[in-house]
Amino acid sequence: MRILITGGAGFLGSHLCDSLIGKGHEVICLDNYFTGAKSNVAHLLGNPNFELMRWDVIDPFKVEVDQIYNLACPASPIHYQYNPIKTIKTSVMGAINVLGLAKRTGARVFQASTSEVYGDPAEGHHPQEESYWGNVNPIGIRSCYDEGKRCAETLFFDYHRKNGVDIRVIRIFNTYGPRMRPDDGRVVSNFICQALRGEPITIYGDGQQTRSFCYVSDLIRGFESLMEKEGITGPVNVGNPGEFTMLELAKSILAITGSRSEIIHQPLPQDDPKQRRPDISLAKRELGWQPEVSLEEGLRKTIPYFSEVLGG
Ligand code: NAD
Ligand code: UDP
């Protein structure tokens, strides 16, 4: 198949490019390099099945493809808040452009949605099930990302109902692994880089907030399982239900790296969700998917990557 990946030069996109090329598909990788980098896919450049396109998803594009994975969007709070209007345009206009392309070509189209559609889950909604409509602040500093992704989901379902577009919507929970940028700003890369540099580990707030961390190879397997499955639209949660406080995460990283960095506390950003854990019953039942890599194992695979990038 010929497959378009928007945001293909980013962290998740580049792993997806590798996996699909490995399976013998032709891949067109489209990216504006805002948070991604050519270096993430440089090893694929000589491959005749791989094509790299510098383009912005907010502008329409025409390519003939069988499948589309729409991943273009900055994912880290510091990056998506840098230019919030651009972030919302990327989600909304990007969705309209990939859906228009899918409508014209008949391609199956996949949306990388997020656990952020659940916002800061209200009481009684932990873990988060796909049926939960969420608790999202529409006017806060995270809204450009959360509401952009929610609007993209709406567009996917409207194109599906009105135009018969073949959609797959996945809700990704915090994922980490090699090729995250050291300056990505998300918690796993921050803590690992701080530990390796011997700098203080910056916990925002008291560190009792929780997240559930999925290793990248598990997630990419989930992407492909959903894309290959017939008769399903999603949304489907894909994430690792192992739930950890940020303090526990910091301590694990300190233990694995053997770092003597101290832990310091900094202010908790506005609207920071207090807890997050996926209910993955649907993914298990419909896709036969569940994560295989524990947090400790995933950290042990990720730390050497950062160590190399930081020149250690
Ligand atoms: P990333 O920032 O590494 O990747 C995003 C990619 O999209 C980058 O290569 C960036 O340059 C590109 N991009 C951004 N705006 C663009 C635009 N207007 N036009 C073209 N390309 C553009 O982040 P990631 O972690 O790889 O995330 C990939 C997707 O998965 C995103 O849509 C994100 O919202 C979603 N997601 C990721 C996570 C996670 O934990 N990694 C969780 C939930 C959802
Ligand atoms: N966080 C932290 N220190 C950091 C970066 C993040 O304590 O250096 C916290 C952040 O406040 C949040 C959690 O880690 O509670 C996950 O943050 P991240 O930005 O990785 O993802 P998101 O909040 O979007 O789930």
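The values are calculated or read from the model by the stated rules, or taken from the named source; none is laboratory data. As the structure is a prediction and not an experimental result, all values here were calculated from the model. We place every Cβ from the backbone using ideal geometry, glycine too, and count neighbours over all the protein chains shown.
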Checklist entry - What are the pairs, 6+ residues apart or on separate chains, where a residue within the stretch 266-291 that is on the phi > 0 side of the Ramachandran plot has its Cβ under 6 Å from a residue that is in a loop (DSSP other than H, G, I, E, B) and not small (Gly, Ala, Ser)? => result Asp271/Asn137; Asp271/Arg142
Next on the checklist: I'd like to know if the stretch 19-33 contains one or more residues that are part of a strand (DSSP E or B), within 14 Å of ligand 1 (Cβ to nearest atom) and exposed (fewer than 14 other Cβ atoms within 10 Å of the Cβ).
Outcome noted: no
Checklist entry - Does the stretch 172-188 include one or more residues that are farther than 17 Å from Leu282 by Cα, away from ligand 1 (no atom under 15 Å from the Cβ) and in a loop (DSSP other than H, G, I, E, B)? => result no
Checklist outcome for this item: Flagged in the stretch 282-312 as surrounded by 14 or more Cβ atoms within 10 Å (Cβ to Cβ) and among the polar types (S, T, N, Q), in numbering order, are Gln290, Thr302, Ser307
Checklist entry - Just wondering, is there one or more residues in the stretch 149-162 that are more than 30 Å from Asp66 (Cβ to Cβ), surrounded by 20 or more Cβ atoms within 10 Å (Cβ to Cβ) and not small (Gly, Ala, Ser)? => result no
Item to check | Among residues of the stretch 212-246, those that are of a type outside the set (Val, Ile, Thr), within 14 Å of the chain's Cα centre (by Cα) and assigned to a strand (DSSP E or B), counted | outcome: 4
Next on the checklist: Restricting to the stretch 247-304, name every residue that is of a type in the set (Val, Ile, Thr), assigned to a helix (DSSP H, G or I) and either within 16 Å of ligand 1 (Cβ to nearest atom) or at pLDDT below 95 (or both).
Outcome noted: Thr302
Next on the checklist: I'm trying to understand the selection: among the residues of the stretch 91-108, which are at negative phi and assigned to a loop (DSSP other than H, G, I, E, B)?
Outcome noted: Ala107
Item to check | Conditions (1) part of a helix (DSSP H, G or I); (2) buried (at least 21 other Cβ atoms within 10 Å of the Cβ); (3) more than 13 Å from the chain's Cα centre (by Cα); (4) in contact (Cβ under 8 Å) with a residue 60 or more places away in the chain: number failed by Ile203 | outcome: (1)
Checklist entry - Do you know which of the residues in the stretch 36-85 that are surrounded by 15 or more Cβ atoms within 10 Å (Cβ to Cβ) and in a strand (DSSP E or B) is nearest to ligand 2 (Cβ to nearest atom)? => result Asn70
Next on the checklist: Among the residues of the stretch 163-170, are any surrounded by fewer than 23 Cβ atoms within 10 Å (Cβ to Cβ), of a type in the set (Asp, Glu) and either in contact (Cβ under 8 Å) with a residue 12 or more places away in the chain or closer than 30 Å to Val41 by Cα (or both)?
Outcome noted: yes
Checklist entry - Just one of Ile253, Ile264 is more than 18 Å from Glu116 (Cα to Cα) and buried (at least 22 other Cβ atoms within 10 Å of the Cβ); which is it? => result Ile253
Item to check | Pairs with Cβ under 9 Å, 6+ apart, first in the stretch 119-132 and farther than 20 Å from Ile170 by Cβ, second of a type in the set (A, V, I, L, M, F, W, C) | outcome: Asp120/Val136
Item to check | Subset of the stretch 238-249 (residues that are in contact with a helix residue (DSSP H, G or I) (Cβ under 6 Å, 6 or more places away or on another chain) and either surrounded by 22 or more Cβ atoms within 10 Å (Cβ to Cβ) or within 18 Å of Met180 (Cβ to Cβ) (or both)) | outcome: Val238
Checklist entry - If you go through the stretch 104-153 one residue at a time, how many are farther than 24 Å from Pro74 by Cβ and of a type in the set (Val, Ile, Thr)? => result 1
Checklist outcome for this item: Being more than 18 Å from the chain's Cα centre (by Cα), among the basic types (Lys, Arg) and at negative phi narrows Arg142, Arg161 down to just Arg161
Checklist entry - Taking the stretch 188-209 as the search range and keeping residues that are among the charged types (D, E, K, R) and over 19 Å from Pro269 (Cα atoms), which one is farthest from ligand 2 (Cβ to nearest atom)? => result Arg197
Next on the checklist: Just the residues that are polar (S, T, N, Q) and more than 17 Å from Val98 (Cβ to Cβ), please, taken from the stretch 31-76.
Outcome noted: Thr35, Ser39, Asn40, Asn47, Asn49, Ser76
Checklist entry - Residue check, Ile5 against (1) of a type in the set (A, V, I, L, M, F, W, C); (2) part of a loop (DSSP other than H, G, I, E, B); (3) in contact (Cβ under 8 Å) with a residue 60 or more places away in the chain, all met but one. Which one? => result (2)
